[in-house]
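The values are calculated or read from the model by the stated rules, or taken from the named source; none is laboratory data. Note that the coordinates shown come from a computational prediction; the quantities given were computed from them, not determined experimentally. Counting neighbours? That spans all protein chains shown, and the Cβs are built from the backbone with ideal geometry, glycine included.
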Amino acid sequence: MKFIGIIPARYASTRFPGKPLAVLGGKPVIQRVYEQVVSVLGEAYVATDDERIFQAVEAFGGRAVMTRSDHKSGTDRIEEAAQKLNTDADVIINVQGDEPFIQESQLETVKHLFDDSQTQIATLGKPFESMEAVLNPNSPKIVCDVNGYAMYFSRSVIPYFRGKEEATWLQNFPFLKHIGLYAYRREVLAEITKLPQSPLELAESLEQLRWLQNGYRIKVGLTNVETVGIDTPEDLQRAEEFLLKGDK
């Protein structure tokens, strides 16, 4: 099977405008993401609507595709990029442009999920390490079936343990944190980007619920690697510290 990576990157961001071009360890964030992805997949593109990001990617020797500015999600942007590239890839892997520490093991895990012919979409989950983290609505939870397919994603704590003290829940169930890395079979990506928003998606503000509600199957791989996503300037500082620890 042929895999390629497409990295959606916007300049406009409410919490951190221009974050793809923010400097992390002497390189733009988007360069770090690109280098991580291309080192594993061999072929990667940045999909952007901003000329500054496009030029920055070309300046460090990467490949970029200009896309429209009116996309409502990174998935839609990736589909436009895939069309423009006229790619013959079997699977497209969507790596967020603010994940400079995405690891080889995580990308390889996602790739191997497509060894199962039933896999239409793939993503990752990581066991939570504290009940405080489980309770954070900004960290979506995944519930899977016995075959490793997602049954539901929620910002709420699922499952709910009746009759047990909340502080003990993590000892009774392996709560799974969603890591926002996706991969799609090429034809599935084309299909899901034509779907209207679903009631569950609108309720939870989680795009993947649109796919589940329309009957698509999402296979979930497991990772124990913690990454540092960058949503705010404060996250960039944490990423600098994370980078220094890694160098040591």
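Annotations
- Pair list, Cβ < 6 Å and 6+ apart or interchain, from region 22-33 residues that are under 12 Å from Gly229 (Cβ atoms) to residues that are in a strand (DSSP E or B) and at pLDDT 95 or above: Val33/Ile7
- Meets criteria (in contact with a helix residue (DSSP H, G or I) (Cβ under 9 Å, 6 or more places away or on another chain) and β-branched (Val, Ile, Thr)) for Thr109: no
- Single residue of region 131-164 satisfying the filter (at pLDDT below 95 and among the small types (Gly, Ala, Ser)) that is farthest from Ala183 (Cα to Cα): Gly163
- Filter result for Pro196 (closer than 20 Å to Ile78 by Cα and part of a loop (DSSP other than H, G, I, E, B)): yes
- Single unsatisfied condition, Gly221 versus (1) modelled with pLDDT under 95; (2) under 20 Å from the mean Cα position of the chain (by Cα): (1)
- For region 165-179, residues that are under 30 Å from Val37 (Cα atoms) and touching a helix residue (DSSP H, G or I) at 6+ places or on another chain (Cβ under 9 Å) total 4.
- A count restricted to region 135-147 and to residues that are assigned to a loop (DSSP other than H, G, I, E, B) and surrounded by fewer than 18 Cβ atoms within 10 Å (Cβ to Cβ) stands at 8.
- Condition check for Val46: in a helix (DSSP H, G or I) and either of a type in the set (Val, Ile, Thr) or not assigned by TED's automatic domain parsing to the domain that holds Lys2 (or both): no
- Being free of Cβ contacts under 8 Å to residues at least 60 places away in the same chain, assigned to a helix (DSSP H, G or I) and in the same structural domain as Val33 (by TED's automatic domain parsing) is a property that Glu132 lacks.
- Of all residues in region 174-193, exactly one satisfies the criterion of being assigned to a strand (DSSP E or B) and farther than 24 Å from Gly229 by Cα, namely Arg185.
- Criterion: surrounded by 18 or more Cβ atoms within 10 Å (Cβ to Cβ) and among the acidic types (Asp, Glu) - qualifying residue of Glu240, Glu234, Glu201: Glu201
- The numbered conditions (1) under 24 Å from Phe3 (Cα atoms); (2) touching a Leu at 6+ places or on another chain (Cβ under 8 Å) are all true for Leu189 except (2).
- Taken over region 46-74, the criterion of being touching a residue at least 12 places away in the same chain (Cβ under 8 Å), surrounded by fewer than 22 Cβ atoms within 10 Å (Cβ to Cβ) and within 26 Å of Ser205 (Cα to Cα) is satisfied by Asp49, Asp50, Arg68, Ser69, His71, Ser73, Gly74.
- Residues being touching a Pro at 6+ places or on another chain (Cβ under 7 Å) and either basic (Lys, Arg) or not assigned by TED's automatic domain parsing to the domain that holds Phe3 (or both) - total across region 64-89: 1
- Set side by side, the residues Gln118, Gln171 differ, and just one is of a type outside the set (Asp, Glu), in a helix (DSSP H, G or I) and either assigned by TED's automatic domain parsing to the domain that holds Ile92 or loosely packed, with under 13 Cβ neighbours inside 10 Å (or both), which is Gln171.
- Top-ranked residue of region 89-104 - restricted to ones that are charged (D, E, K, R) and in contact with a strand residue (DSSP E or B) (Cβ under 9 Å, 6 or more places away or on another chain), ranked as farthest from Leu24 (Cα to Cα): Asp90
- For Asp88, the conditions (1) under 30 Å from Lys245 (Cα atoms); (2) exposed (fewer than 15 other Cβ atoms within 10 Å of the Cβ) all hold with the exception of (1).
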